[in-house]
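Report on the structure given below.
The values are calculated or read from the model by the stated rules, or taken from the named source; none is laboratory data. This is a predicted model, so every value here is computed, not measured. Here the Cβ positions follow ideal geometry from the backbone for every residue, glycine too, while neighbour counts run over all protein chains shown.
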Amino acid sequence: MRSREQLDAPANESERHSRGIALCVVSLLYLCIPAAGVIWLLFDPLAVDVFRIVSDSNMLKQPVGSARLMIDRVGIVRATLACVGAMTLLSLVARDSTRVVSRSRTPLTIVHLLFLTTVIACCFGISVGSEQIAWLGKRVRLSSRIDGLEQLADRLVQEWPTEDGEIPGLGPYTSYPFGRPTVLLLLTPFPLDGTDTVISAIGRSGDTLRFQLGGIDGGDWIERHPQNKVPSSFTGGLADQHQLRKSVSLRSQWFLVRYQGSERSAETP
């Protein structure tokens, strides 16, 4: 006759196999949360607003107000996805923390604890670096749209308007200051193909052209500078000061530029 240990061996082996599968599933969920956060920031212009609101110190003090602001700012779908992701992460962490405190029959291994700590650190890192990740994503999204602006920029450099009017393919505009305009305020925003971004105004300083972005991906500028020139602070057509915050090259002579205070804000009330 087989001993009790021999009889229990298949059951123990099956239990270990089930635990291994469960651990793989949980680990996959852990990895999916920070990965989804990065992908969201790279491809959704409004994702950074969610991270701003969640990271705000008033989030815990005024959760209802923050939730309403998030829904108003990014919509119910994005707000729901953010809540689901946060609650999933918190529930997984609480589950594993309970296993550590209660010393359950299935204690966590050192490897799993290190993995859990790493994932939590990654989530905090993504939250802290959300602005930089979103900036990189904006660069990627707009780099492929420069071809549509190249011909327009060449035409404007050669035939810069001197009064209010309309440019074929661009639409009607108001120019200022009067007499020698340096800014064209588009009455019908010019859309960038394949995006929700529009050009709301165009400025010129010598051979430098500045396209102000509007729409849900707005707040920044796309600029074309002469060879070997880079973006810098400037004074606008209405004597408004634009202090350079940061810029990144999109391709030769073209830059994505952010000036102080130009980015969209999402302040908690």
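Some values worked out for this structure:
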{"item": "Residue match in the stretch 201-224 (condition: over 25 Å from Asp147 (Cβ atoms) and at pLDDT 90 or above)", "result": "no"}
{"item": "Test: residue in the stretch 233-245 that is crowded, with 17+ Cβ neighbours inside 10 Å, under 26 Å from Asp49 (Cα atoms) and of a type outside the set (Asp, Glu)", "result": "yes"}
{"item": "Given (1) at pLDDT below 75; (2) part of a helix (DSSP H, G or I), number of the condition Pro107 does not satisfy", "result": "(2)"}
{"item": "Failed item in (1) closer than 16 Å to Arg141 by Cα; (2) buried (at least 20 other Cβ atoms within 10 Å of the Cβ), with Ala201 passing the rest", "result": "(1)"}
{"item": "Scope the stretch 232-261; condition in a loop (DSSP other than H, G, I, E, B) and touching a His at 6+ places or on another chain (Cβ under 7 Å); matching residues", "result": "Ser233, Gly236, Gln253"}
{"item": "In the stretch 219-257, the residues that are closer than 17 Å to Ile199 by Cβ, out of contact with any helix residue (DSSP H, G or I) (no Cβ under 6 Å at 6 or more places or on another chain) and touching a residue at least 60 places away in the same chain (Cβ under 8 Å)", "result": "Asp220, Ile222, Gly237"}
{"item": "Among residues of the stretch 157-206, those that are more than 23 Å from Pro226 (Cα to Cα) and part of a loop (DSSP other than H, G, I, E, B), counted", "result": "11"}
{"item": "Arg180, sole failed condition from (1) within 30 Å of Arg68 (Cα to Cα); (2) of a type in the set (D, E, K, R); (3) surrounded by fewer than 16 Cβ atoms within 10 Å (Cβ to Cβ)", "result": "(1)"}
{"item": "The listed residue being modelled with pLDDT of 80 or more, out of contact with any Cys (no Cβ under 9 Å at 6 or more places or on another chain), assigned to a helix (DSSP H, G or I) and closer than 20 Å to Val50 by Cβ, out of Cys83, Cys123", "result": "Cys123"}
